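Derivation of every value follows stated rules applied to the coordinates shown; laboratory data play no part. Since we're looking at a predicted model, the values are computed, not measured. Every residue, glycine as well, gets a Cβ built from its backbone with ideal geometry; the counts of neighbours run over all protein chains shown.
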Amino acid sequence: MQTLTPPIDIRSLSSDQLENWIISIGEPKYRAKQIYQWLWKKKVTDLAQMSDLSKPLREKLASLVVFRPIQLDKSQFSSDGTIKSRFTLHDGHKIEAVLIPVTQDKRFTVCVSTQVGCSLTCSFCATGKMKRIRNLDAAEIVDQYIQVNQQALQHFDTPLSNIVYMGMGEPLLNYREVLRSTELFTQESALGMSAKRITVSTAGIAKMIRQLGDDGVRFNLALSLHAADDTKRNEIMPINEQNNLETLMAALEYFYLKTGNEITYEYIAFNQFNDSLLDAQHLVALCKMNFPVKVNIIEYNPVEGVEFKKSGKDRLEQFASYLYNHGVQVTIRRSRGKDIDAACGQLANKD
Ligand code: SF4
């Protein structure tokens, strides 16, 4: 068993680790269960509020543990209801999370970050212009949900319904903590959500997609595709050089065979780059693999210093119609938060 030296960031412990630690400090095992529920079911970060723990136990814990919740630094409010927030981590680094309300179908989604910065340098992305500084731990990922859920309740009187891992960073390069965070979201003793409401999005790391299959995860998977042939994908997403489309398709098929979970391709439409009918033909071919797939076409949010422009409305619709007419389940996601720093990493990078 790993020896833990105080001060211990108590929210970084799994339920098993917490149980072992509680026993190691001479307390009965059931206390771990009580504390875990305070931390994750009731989302409390103050020992004084843990009212079913005795005062001597709370005092003992106060000398041994620390709480490091993320702190809200700044929010931007878009006229379309989108709220983008920047948070400060305990070591001063900044990350961002976005509340995306779709009020007509009562879908309130939070987009969470998994790393400070990102190592993958996709050419269209503001986060890709920062270096990867560090991975977030599971508590820092779940904290984004907790804080944005409060915003959803405050501004829309409705709790969040969905979580997408599509903010700063590549989730599959922070594999362990991302999986731990999904456990916290879904465990009955923690937040108790359905895994079907969670989508983890990857730029495409074939080995880790297969690992998700081997680990039998229950959440949905999205591939940030953005180009349907290797030449164009290499140009905008250097990760494609080691994980080409053939390798990725084989990994997705493996994931689907192992889990049966939903797979989506995310496809940002860049004007005159990947939105021609030939591009649509290539994309249709990638939709006829041995696994079912949905396509989300996303309007691009321009980033300063990046030459890509968003596709025109007609071009976007022609592209989507081609897919639809060839039997692809396709949705156009209009750009949200155009009047704020909507592109991923823009707000965290500011000032
Ligand atoms: S798009 Fe995603 S994977 Fe690519 S640089 Fe941006 S954050 Fe990283």
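Normalising by residue count, the chain has a Cα convex hull of 142 Å³ per residue. The alpha-carbon of K94 sits under 25 angstrom from the alpha-carbons of these lysines, leaving out residues fewer than 8 places away in its chain: K43, K74, K84, K129, K131, K338, K350.
Quick check: the distance between the Cα centres of the range 137-214 and the range 69-118, to the nearest angstrom? Distance between centres, Cα-based: 13 Å. Each of L278, N296, Y145 was scored by the projection of its Cα onto the charge dipole of the chain, and the greatest displacement toward the positive side belongs to Y145; charges sit on the C-beta of Lys, Arg, Asp and Glu.
Within the listed set R233, R31, R336, the residue fluctuating most in the Gaussian network model of the chain (springs between alpha-carbon atoms under 10 angstrom) is R31. Each Lys or Arg adds one and each Asp or Glu subtracts one; over the other residues with Cβ under 12 Å from the Cβ of G312, this totals 0. Decide, for the range 51-96, between rounded, prolate and oblate: order the square roots of the alpha carbon gyration tensor eigenvalues as a ≥ b ≥ c, take rounded if a/c falls under 1.5, and otherwise choose prolate if a/b is larger than b/c, else oblate. The shape class here is oblate.
Stretched out straight at 0.36 nm per residue, the stretch from S189 to Q34 would grow longer than its current Cα-Cα span by 54.8 nm.
Take the Cβ atoms of S123 and N290, set R0 to 41 Å, and the FRET efficiency comes out at 0.85.
With 0.36 nm allotted per residue and the present C-alpha distance subtracted, the T103-E59 stretch has 11.3 nm of extension available. With a simple spin-label model that places each label point 7 Å from the Cα along the Cα-to-Cβ direction, the separation between V66 and H326 comes to 5.5 nm.
Per-residue ellipticity at 222 nm computed for the chain from its helices equals -10000 deg cm²/dmol, with DSSP H segments shorter than 4 residues left out and the rest contributing -39,500 (n - 2.57). When you filter the chymotrypsin sites (Phe, Trp or Tyr not before Pro) in the range 42-111 for DSSP loop state and at most 16 other Cβ atoms inside 10 Å of their Cβ, you are left with F67.
Legend: helices of the chain (whole DSSP H runs) are marked when their alpha-carbon atoms reach 20 angstrom or more along the helix axis and their mean Kyte-Doolittle hydropathy is at least 0.5; marked are 245-259. Determine the shape class of the range 55-125: with a ≥ b ≥ c the square roots of the Cα gyration tensor eigenvalues, call it rounded for a/c under 1.5, and otherwise prolate if a/b is greater than b/c, oblate otherwise. Judged from the Cα gyration tensor, the range 55-125 comes out oblate (a/c at least 1.5, b/c at or above a/b). Bridge orientation summary for the chain: considering DSSP beta bridges with both residues in this region, about 45 percent are antiparallel. Computed FRET efficiency, Cβ-Cβ of S335 and D91, R0 45 Å: what is it to the nearest 0.05? Step by step, r from the Cβ atoms, then E = 0.90. Along its three principal directions, the equivalent ellipsoid of the range 64-222 from the Cα gyration tensor extends over semi-axes of 22, 19, 17 Å, largest first.
Stretched out straight at 0.36 nm per residue, the stretch from A250 to D80 would grow longer than its current Cα-Cα span by 57.3 nm. Computed from the Cβ-Cβ distance with R0 of 45 Å, the FRET efficiency linking E304 to D52 stands at 0.30.
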